[in-house]
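Novice: One structure coming up, written as C-alpha cells, with questions to follow.
The values are calculated or read from the model by the stated rules, or taken from the named source; none is laboratory data. None of these values were measured; they are calculated from a predicted model. Every residue, glycine among them, receives a Cβ derived from its backbone with ideal geometry; neighbour counts consider all protein chains shown.
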Amino acid sequence: MGHLPIRLWDESRNAVNAIEMLQNGDYIIRSYENKPETWNLKPPLLTWLQVIAMRVVGRNEIAIRLPSILASIGSLFILFLWTFRLTKSYAFAFWGAGILATSAGFYGEHVGRFGDHDALLVFFSTALTYSCYLYYLTHKSCYLYWAALAVCLGILTKSIAILIMLPGIAMFFATQKRAIETLANNHLYFAITLGLVPVISYYGVREYLQPGFLRFVWNDELFPRYFNSSENFDYSSENFWYYFKLLWNKHMSIWPLLLPLVLSVPFLKRKNEGWLYLLITSISYLLILSKGTKNYWYDASVIPLLSALIAVSVHVVYSRLFKTKTYALVLALGLLCLPFAQAHNYALNPSEKYYEWETNGISHFLTDENHLQNLTANTQLLLDTTYGYEPHLFYVKKLRIERLLPLERTIIQHVKTSDTLLIGHESTLNALKIGYEITVLDSSYSHTKLVAVGKSLL
C-alpha cells in the first residue's frame, strides 16, 4: 500500500485536504494551501475517514489509502454474498468476487488501492444495488432504508455520481411490475427523507460558511460537468463507446471473453430475475455514463455488477452441462489463475512508469530517510515552470509538522547564490546551469537532485 508515493491528481489533492483538516480542525470546509477548496468540491466523507486513519496510523500513504482498501474489501464481501444468493454455490460466489478482484478497473490506480473517492463510491454503489435487489426479493422495507443510507453516503463521497445507478434499478422494477407497489410504500418516502437530511444539511452549512460554494458545485460537479459545458472541466475528447472499449480492452482483464455465455442465458433458462436485474442496471449505467463526460476511472462502479453478471451467467450454463458441483471449484480456480497472477504482480510490484519519474521523483525523495538527512531549513523547492505539479505537497506539509522543515517553493527568477534547491525536472537543472555554477549534493530517482547554487555565470 505504501510502496508508491501519493499520486497525481485527485489522491494528492485529497491527501492535502486531509492533512490540513487534521491540523486546522475544520471538518466542514476542505482546504488546500490553507484556503477554502474551490477545485475539489466533493463532500468530505472520504476526508473524514482519512483524518481518522491518520490519527490511528500516522501521516503516511497507508492512512490516505486505508479507507479505499477497506471499502474495496467491503465491495468484494457484498459481491460474494450477492453471487451466492443468486447461484447457491460457494464456488461461484468466490469466483464472482474473484472476477471483481482481478479486474484492473477495480484494483488499479485511482480506485481500489489508492486514496481517491472511487473505491468508496464503488462500495456504496454496490451496497445500493444489492439493497434494492433484496427489497425486490423480500418486500422488506428495511432494505429501502439501507438503500437510502447508501445513496446518502455515496453523495457525501462523490456528489451525484451514485445517482446514475437509480434509472436502471427503476427500469427493472418497472419491467417486473413492481414500480407502482414500491411507489405506494410510505417507507420509500421516509427513507428518502432520512437520506436527504444529512446531504442538504451539509451543503447548506457549507454554503453558509463558504458563500458561493453551491455555484462552484453546480458548474464543476453537476450537469454542466456531465454535459462538458463546465467553465473549468472538459472531458469530451472520447466518443460514446469509450467505456465499452475500456472495459473490453483493459479494465476487466480476460472476463469480457465470456460475453457469449452471458448472452446465452435467456435461451437456457426461461426466467432469471437476478440475471436480468444485473443486466439492466449495468447497461443503463453504461449508457448514461457514455452520454456524458469521459474519464478513465468512471466505469469502476459498474464492474461489480458485470462481475456478478458473468459469474451468474456461467453458473446457468454450468448447471445445464453438469448436474454435479464437483467441477465448479476447479472451474473457478482454473479461470482465475491468469488474471490473479496479473493482479498479484501489480499489487506486490508497483513501479513508476518512465515518464512519471519527473513528476513523482520529489515525492520519493521526501519519503527516503537517507535523503531527508541532507535537507535543511534553507532548502527550497524549484519546480518546472510548465509541468511543476505538486503531488509531493502532502509530504512537504508532513515534514513541516513533524520536522519543522519549511521547504518553501521558489521560482527560478528568485534563485540566488548560496541557495540550496531540490528539483525534479531535467529542464529545470539545465536552466539553472545556464545562469549559475551548480554543485549536486544528493541525487536520486532520475532527475531529482538536491543542488547548491554557486556563483552567477551571467
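Each row is one residue, and each column tells you yes or no for (1) under 27 Å from Arg30 (Cα atoms); (2) more than 26 Å from the chain's Cα centre (by Cα); (3) small (Gly, Ala, Ser).
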| residue | (1), (2), (3) |
| --- | --- |
| Cys132 | no, no, no |
| Ser159 | yes, no, yes |
| Ile169 | no, no, no |
| Glu181 | no, yes, no |
| Ser201 | yes, no, yes |
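Novice: Given the condition assigned to a strand (DSSP E or B) and of a type outside the set (S, T, N, Q), answer yes or no: does some residue in region 367-390 qualify?
Specialist: Among the residues of region 367-390, at least one is assigned to a strand (DSSP E or B) and of a type outside the set (S, T, N, Q), which makes the answer yes.
Novice: How many of the residues making up region 204-217 are of a type outside the set (A, V, I, L, M), without any contact (Cβ under 8 Å) to a residue 40 or more places away in the chain and either under 21 Å from Leu287 (Cα atoms) or in contact with a helix residue (DSSP H, G or I) (Cβ under 7 Å, 6 or more places away or on another chain) (or both)?
Specialist: 1
Novice: When you go through (1) touching a Lys or Arg at 6+ places or on another chain (Cβ under 9 Å); (2) closer than 20 Å to Gly154 by Cα one by one for Gly108, which number turns out not to apply?
Specialist: Single failed check for Gly108: (2).
Residues checked against (1) surrounded by fewer than 21 Cβ atoms within 10 Å (Cβ to Cβ); (2) among the hydroxyl-bearing types (Ser, Thr, Tyr); (3) assigned by TED's automatic domain parsing to the domain that holds Pro391:
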{"residue": "Gly2", "(1), (2), (3)": "yes, no, no"}
{"residue": "Glu20", "(1), (2), (3)": "no, no, no"}
{"residue": "Asn34", "(1), (2), (3)": "yes, no, no"}
{"residue": "Ser75", "(1), (2), (3)": "no, yes, no"}
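Novice: Another question, if that's okay. Could you tell me whether region 8-28 includes any residue that is in contact (Cβ under 8 Å) with a residue 40 or more places away in the chain, in a loop (DSSP other than H, G, I, E, B), in contact with a Pro (Cβ under 7 Å, 6 or more places away or on another chain) and under 24 Å from Ser351 (Cβ atoms)?
Specialist: Checking region 8-28: at least one residue is in contact (Cβ under 8 Å) with a residue 40 or more places away in the chain, in a loop (DSSP other than H, G, I, E, B), in contact with a Pro (Cβ under 7 Å, 6 or more places away or on another chain) and under 24 Å from Ser351 (Cβ atoms).
Novice: Given Val111, Val122, which one is among the aliphatic types (A, V, I, L, M), in a loop (DSSP other than H, G, I, E, B) and touching a helix residue (DSSP H, G or I) at 6+ places or on another chain (Cβ under 6 Å)?
Specialist: The match here is Val111.
Novice: Picking from Leu196, Leu247, Leu261, which residue would you name as being crowded, with 16+ Cβ neighbours inside 10 Å, aliphatic (A, V, I, L, M) and over 21 Å from the mean Cα position of the chain (by Cα)?
Specialist: Leu261
Novice: Turning to a different aspect of this structure: Write out, first by first residue and then by second, each pair whose Cβ atoms fall under 6 Å of each other, whose residues are 6+ apart or on separate chains, and whose first residue, in region 175-192, is closer than 13 Å to Lys140 by Cβ and surrounded by 11 or more Cβ atoms within 10 Å (Cβ to Cβ) while the second is aromatic (Phe, Trp, Tyr) and at pLDDT 95 or above.
Specialist: Partner pairs satisfying both residue conditions: Thr182/Phe173; Ala191/Tyr145.
Novice: Filter region 421-442 for residues that are buried (at least 18 other Cβ atoms within 10 Å of the Cβ), β-branched (Val, Ile, Thr) and out of contact with any helix residue (DSSP H, G or I) (no Cβ under 7 Å at 6 or more places or on another chain) and give the result.
Specialist: Answer for region 421-442, where residues must be buried (at least 18 other Cβ atoms within 10 Å of the Cβ), β-branched (Val, Ile, Thr) and out of contact with any helix residue (DSSP H, G or I) (no Cβ under 7 Å at 6 or more places or on another chain): just Thr428.
Novice: Still on this structure, I have one more. Before we move on, is Ile362 surrounded by fewer than 17 Cβ atoms within 10 Å (Cβ to Cβ), in a helix (DSSP H, G or I) and outside the structural domain of Ser103 (by TED's automatic domain parsing)?
Specialist: No: the conditions fail for Ile362.
Novice: Here is a follow-up. Answer yes or no: is there a residue in region 146-155 that is in contact with a Gly (Cβ under 7 Å, 6 or more places away or on another chain), at pLDDT 95 or above and surrounded by fewer than 21 Cβ atoms within 10 Å (Cβ to Cβ).
Specialist: Yes, because at least one residue in region 146-155 is in contact with a Gly (Cβ under 7 Å, 6 or more places away or on another chain), at pLDDT 95 or above and surrounded by fewer than 21 Cβ atoms within 10 Å (Cβ to Cβ).
Novice: Run Asp220 past the list (1) modelled with pLDDT of 90 or more; (2) of a type outside the set (Gly, Ala, Ser); (3) assigned to a helix (DSSP H, G or I) and report the number of the one that doesn't hold.
Specialist: Only one criterion is unmet by Asp220, namely (1).
Novice: Please specify each residue of region 422-445 satisfying the condition of being within 14 Å of Trp357 (Cα to Cα) and part of a strand (DSSP E or B).
Specialist: If the condition is that a residue be within 14 Å of Trp357 (Cα to Cα) and part of a strand (DSSP E or B), then Ile423, Ser443, Ser444 are the ones that fit.
Novice: Condition first: under 17 Å from Phe92 (Cα atoms) and surrounded by 15 or more Cβ atoms within 10 Å (Cβ to Cβ). Now tell me which residues in region 336-354 satisfy that.
Specialist: Within region 336-354, Leu336, Pro339, Phe340 meet the criteria.
Novice: If you go through region 269-291, how many residues are in contact (Cβ under 8 Å) with a residue 12 or more places away in the chain, more than 14 Å from Tyr136 (Cα to Cα) and not in a helix (DSSP H, G or I)?
Specialist: Adding up the residues that qualify gives 1.
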